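Read through the structure below, which is laid out as structure tokens, and then see the notes.
Read the figures in this text as sums done on the coordinates, not as results from a lab. All figures in this text were calculated on a predicted structure; none of them were measured in a lab. Quick reminder, even Gly has a Cβ in these numbers, built from the backbone with ideal geometry, and neighbours come from all protein chains shown.
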2 protein chains.
Amino acid sequence: MSRPPPRLYVESDLRESQGVELDAKAAHYLLNVLRLGTGDKVALFNGRDGEWLARIAAASRKACTLTPNRQTRPQEPASPLTLAFAPLKKSAMDFLVEKATELGVGRLAPVITDRTEAARVNGERIAAQAREAAEQCERTNVPEIVAAQPLTAFLADWPADQPLWVADETGGGRAFADALGSPAAASPRHGILIGPEGGFTPKELATLAALPFVNLIDLGPRILRAETAALASITCWQALLGDWQA
Amino acid sequence: MSRPPPRLYVESDLRESQGVELDAKAAHYLLNVLRLGTGDKVALFNGRDGEWLARIAAASRKACTLTPNRQTRPQEPASPLTLAFAPLKKSAMDFLVEKATELGVGRLAPVITDRTEAARVNGERIAAQAREAAEQCERTNVPEIVAAQPLTAFLADWPADQPLWVADETGGGRAFADALGSPAAASPRHGILIGPEGGFTPKELATLAALPFVNLIDLGPRILRAETAALASITCWQALLGDWQA
């Protein structure tokens, strides 16, 4: 079977016959890693103009220009789902960002809680992972990466008309599939908040439970790692409220 | 906060005051890695007798005997869900086994398809990963690991009264949440089958579609990696038919 052309996220506008200059890293990837050359096909998307089939118009050692020929897919709307999560250790976090992108979240919001272990959040690393996963899973957009903020600031900023589904690993929440059938689910935009390994502190949980837009949810009887809880709750949301519905 | 005692899977029967001798590896882990000693608490499970709180009764350089004091949790029944999957490359496979165990599958069945990339399946590695994940997520049992077999043999052996939900990445299937509401879902035991990277061949897909117990399902509009598809479908199943329901 013939392979589909490689997919690349670019910043430039995409219009018919309007040349797109790649940065050195993307040029290196196409020309030296994939060994493509003039005339070869590449799929491009920028999160605004849909997906375009382009061809390599000019290639030198460190530069590469592509010419978009035709739009192959329209632009998808951004997903209305935000995943807020306490930053994790490197491999778990890479994994979480990759899978959350594949599963179609619209925004990724790192939130620092009392028990968060990661001292600093590398936003560029998160953005790079999300971009790569978006290229691979055929999204026409990349999740927006929100700057890391403390839990209190995150909650203070949260729009009161959007439900925030918070995984409560102490068992105080409602089964997520049931909760998604409740009136609270009737909102066009939603958020999911997952705590760190070790969970929220009792004080944080009390603060969360008292907020009118927060709905505590339960993800079954086993102890899930933070990244597993994130993916499982995104999946539930997509299957019951999101774009898994035909 | 005080840490819960470490949890260990053991082969021995668990009965009050009946000593449990650990193997050298487990003894090393408790005594040298965790630096526990005589009198310290350990939680034990064997997949048959529930979970027991035990204490270290005797410890030498390479041996360790534990005495179960009391049963802290009853034995859970084994999950009626089998995950059948085309073996993946090392890190994706480790990940799949860990997450599938956390999400509560009862059996893991590696199935060799035409496009399966992994040449050999290391059953012991799968078993070790599953054991470790079970210890971590507080299951009282470990998934059963079935020996790898070709797809045709797997399908020939599959009990005709059990639905097999097969992820069809060509888009021919029914949204999984809808399908789980259909009469086919009214069975006490179920299986999920996930193909390799690159998917099933058209011939395999035709064979699958023709089997009365096979239900082709759809997991949304994005291209999911094989391990993501596995976890997403287990999650849906648990949330809608499995033990996520209160």
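State the volume of the convex hull built on the alpha-carbon positions of the stretch A:1-158, expressed per residue in Å³ and rounded to an integer. Mind dumping the intermediate values first?
Numbers: hull volume 19.8 nm³, N = 158.
Cα-based convex hull of the stretch A:1-158, divided per residue, equals 125 Å³.
At 222 nm, what helix-only mean residue ellipticity would chain B give, in deg cm²/dmol to the nearest 500, using -39500 (n - 2.57) for each DSSP H run of four or more?
Working: 7 runs with 68 residues, N = 246.
It lands at -8000 deg cm²/dmol.
Using the Cα centre as the reference, give the magnitude of the dipole from point charges on the C-beta atoms of chain B (Lys, Arg: +1; Asp, Glu: -1; all else neutral), rounded to the nearest 20 debye.
That gives chain B a dipole magnitude of about 740 debye.
First select every other residue whose beta carbon is under 14 angstrom from the beta carbon of A:Cys64; then total the charges, Lys and Arg +1, Asp and Glu -1. All intermediate terms of the calculation are to be shown ahead of the outcome.
Details: positive: A:Lys25, A:Arg35, A:Lys41, A:Arg55, A:Arg61, A:Lys62; negative: A:Glu21, A:Asp23, A:Asp40.
Surrounding charge for A:Cys64 is +3.
Roughly how compact is the stretch B:81-240, stated as its Cα Rg over 2.2 N^0.38 Å to two decimals? Before the final figure, lay out the partial values.
Working: Rg = 14.5 Å, N = 160, 2.2 N^0.38 = 15.1 Å.
After normalising by residue count via 2.2 N^0.38 Å, the value is 0.95.
By counting other Cβ atoms within 10 Å of each Cβ, how are A:Leu208, A:Leu83 ranked from fewest to most? Could the numbers behind the result be given before it?
On the way: A:Leu208 20, A:Leu83 26.
Fewest-to-most ranking of A:Leu208, A:Leu83: A:Leu208, A:Leu83.
Arrange the following residues from fewest to most other Cβ atoms within 10 Å of their Cβ: B:His190, B:His28.
Values: B:His190 21, B:His28 16.
Neighbour counts put them in this order, fewest first: B:His28, B:His190.
Treat each spin label as a single point 7 Å out from the Cα along the C-beta direction, and report the B:Lys89 to A:Glu124 distance in nm.
It is 2.6 nm.
For A:Ala239, what charge total do you get from the other residues with a beta carbon under 11 Å from its beta carbon, if Lys and Arg give +1 and Asp and Glu give -1?
Working: positive: none; negative: A:Asp243, B:Asp178, B:Asp218.
It works out to a net charge of -3.
Where does helix A:123-137 land angle-wise versus the long Cα axis of chain A, in degrees 0 to 90, nearest 10?
The angle comes out near 70 degrees.
Sort shortest first the distances from B:Asp114 to its counterpart in every other copy, using label points 7 Å along the Cα-to-beta-carbon line, and give them in nm.
For B:Asp114, the other copies' label points sit at 5.8 nm, shortest first.
In terms of modelled amide H atoms, which long-range or inter-chain residues lie less than 5 Å from the amide H of A:Ile217?
Amide H neighbours of A:Ile217, under 5 Å, 5+ apart: A:Val166, A:Ala167, A:Asp168, A:Arg174.
Once the label point is set 7 Å along the Cα-to-beta-carbon vector, what list of distances in nm do you get between B:Pro74 and its counterparts in the other copies?
Output for B:Pro74: 5.5 nm, nearest copy listed first.
Among the residues of chain A, which one places its Cβ closest to the rotation axis that maps chain A onto chain B, and what is that distance in whole Å?
Taking the axis that maps A onto B, the answer comes out as A:Thr235, 2.
Enumerate the amide H contacts of B:Leu8 below 5 Å, restricted to partners 5 or more residues apart or on another chain; note that Pro and chain-start residues carry no placed amide H.
Amide H neighbours of B:Leu8: B:Ala43, B:Leu44, B:Phe45.
Name the residues whose placed amide hydrogens come within less than 5 Å of the amide hydrogen of A:Glu144, ignoring near sequence neighbours (fewer than 5 apart) on the same chain.
HN-HN under 5 Å from A:Glu144: A:Arg107, A:Leu108.
What does the copy distance list look like for A:Thr38, label position 7 Å along Cα→Cβ, in nm and ordered from shortest?
A:Thr38 label point versus its equivalents elsewhere: 8.3 nm.
With θ set to phi - 60° and the Karplus curve 6.51 cos²θ - 1.76 cosθ + 1.60, what are the ³J(HN,Hα) couplings of the stretch A:138-152 in order, to the nearest whole Hz, using x for Gly and Pro?
6, 5, 9, 9, 10, x, 6, 9, 8, 5, 4, 8, x, 3, 4
About the Cα centre of the stretch A:76-142, what is the dipole size in debye to 20, counting +1 per Lys and Arg Cβ and -1 per Asp and Glu Cβ, all else neutral?
260
Please list log₁₀ I(q)/I(0) at q = 0.22, 0.24, 0.29 Å⁻¹ for the stretch A:7-73, using the Debye equation with identical point scatterers on the alpha-carbon positions.
Normalising to I(0) and taking log10 leaves -0.82, -0.97, -1.38.
Just to check, using Stokes-Einstein with a Kirkwood Rh over alpha carbon pairs, what's the diffusion coefficient of the protein assembly as shown at 25 °C and 0.890 mPa s in µm²/s?
Numbers: Rh = 24.4 Å.
So the translational diffusion coefficient is about 100 µm²/s.
Between A:Gly19, A:Ala239, A:Leu34, whose Cα lies farthest towards the positive end of the dipole of chain A when Lys and Arg beta carbons carry +1 and Asp and Glu beta carbons carry -1, centred on the Cα centre?
After comparing all options, I get A:Leu34.
In chain A, what is the count of Lys pairs whose alpha carbons are under 19 Å apart, counting only pairs at least 8 residues apart or on separate chains?
5
Treating only the Cβ of Lys, Arg, Asp and Glu as charged (+1, +1, -1, -1), what charge dipole size does the protein assembly as shown show about its Cα centre? Round to the nearest 20 debye. Before the final figure, lay out the partial values.
Values: 52 positive and 58 negative charges, 223 e Å.
Charge dipole of the protein assembly as shown: 1080 debye, to the nearest 20.
Of chain B, which part is the longest with no trypsin sites (Lys or Arg not before Pro) in a loop (DSSP not H, G, I, E, B) and with at most 16 other C-beta atoms within 10 angstrom? Spell out each step's value before the answer.
Working: sites that count: B:Arg15, B:Arg35, B:Arg48, B:Arg61, B:Lys62, B:Lys89, B:Arg115, B:Arg120, B:Arg189.
For trypsin sites (Lys or Arg not before Pro) (loop position, at most 16 other Cβ atoms within 10 Å), the longest site-free span of chain B is B:121-188.
Which order do B:Ser182, A:Ser17, B:Ser233 fall in if you start with the one that has the fewest other Cβ atoms within 10 Å?
Numbers: B:Ser182 11, A:Ser17 8, B:Ser233 26.
Least to most surrounded, the residues fall as A:Ser17, B:Ser182, B:Ser233.
Could you tally the net charge around A:Leu53, taking each other residue with its Cβ under 12 Å from the Cβ of A:Leu53, Lys/Arg +1 and Asp/Glu -1? If you can, show how the numbers build up before the last one.
On the way: positive: A:Arg7, A:Lys41, A:Arg55, A:Arg70, A:Arg73; negative: A:Glu16, A:Asp40, A:Glu51.
Taking every Cβ under 12 Å from that of A:Leu53, the sum is +2.
Of A:Leu34, A:Leu224, A:Leu14, which is the most mobile in a GNM of chain A whose springs link Cα atoms less than 10 angstrom apart?
Maximum fluctuation in the GNM of chain A, among the listed residues, is at A:Leu34.
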